[in-house]
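Readers should treat all values here as calculations from the given coordinates under stated rules, not as data from a laboratory. Nothing here was measured: the structure is a model prediction, and the numbers come from that model. Here Cβ is always computed from backbone atoms with ideal geometry, including for glycine, and neighbour counts include all displayed protein chains.
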Amino acid sequence: MRGSQLLSRIVAAALACASMQGAACAQPADAAAFGKRVYHDKAVCSYCHGWAADGAGEGQSSGGAADLRMTPLTRAQLIEVVKCGVPGKAMPHFDEAAYGDKRCYNSTEADLGTNTPPLPPGSVLSQREIEAVVDYLLAKVIGRGLITREECVEILGERVRSCADYPSGK
Ligand code: HEC
């Protein structure tokens, strides 16, 4: 993109932002950073899915987590899975009240019994946090292909020496 085009986009975004009030005005970069913090810190999705979301989580996790880099799910489906979990599997429900009523898969805990997805090992999430983590996956993870050295450094930081084990994507 030419410099002047880029500048006019930034100005347009800033104006759109100024016309909105407070919280509704999140810049895309901030939104991705917020979703990233939810993924790695608040919800520790990485515990099961791995830092690169390829399904290689921690040894102590329940295992068998999906490779999110390859998921075919749409944004709406991703939001549903994060809110509701996957019945009969280790994928937790991050909406605390998911099975108190029929909002998830039209089922309550009484309907699903032992197939009810578990509560998360870390924190439950608000609707806003759920959407942010899904938008982070859509923006930075899904369809990204092989893990590269640059992605490793971007997520884990310069000092992680094992990043050198990944091929450079440059
Ligand atoms: C306790 C372990 C665990 C945690 C924590 C966890 N997941 Fe999962 N997740 C799983 C497992 C296991 C599956 C595979 C379920 C299956 O076999 O269908 C899964 C599946 C998924 C899927 C469906 C992918 C597909 O293509 O079907 C999505 C999306 C997902 N997880 C996102 C997340 C996000 C985002 C977080 C954090 C907010 C998270 N998960 C936290 C274990 C976990």
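Between residue 62 and residue 75, what is the spin-label point distance in nm, taking each point 7 Å from the Cα along the Cα→C-beta axis?
According to this spin-label approximation, the distance is 2.9 nm.
Calculate the dipole size of region 28-165 relative to its Cα centre from +1 charges on Lys and Arg beta carbons and -1 charges on Asp and Glu beta carbons; express the result in debye to the nearest 20. Walk me through the intermediate numbers first.
On the way: 15 positive and 19 negative charges, 26 e Å.
Dipole magnitude for region 28-165 comes out near 120 debye.
Which order do peptides 77-90, 34-47 fall in by mean Cβ count within 10 Å, highest first?
Numbers: 77-90: 17.9, 34-47: 19.8.
Order by mean packing, descending: 34-47, 77-90.
At a 10 angstrom cut-off on C-beta neighbours, averaged per residue, how do the peptides 122-128, 109-115, 57-63, 156-162 rank from highest to lowest? Each step should come with its number before you reach the end.
Numbers: 122-128: 15.1, 109-115: 10.9, 57-63: 13.3, 156-162: 9.3.
Most protected by this proxy first, the peptides run 122-128, 57-63, 109-115, 156-162.
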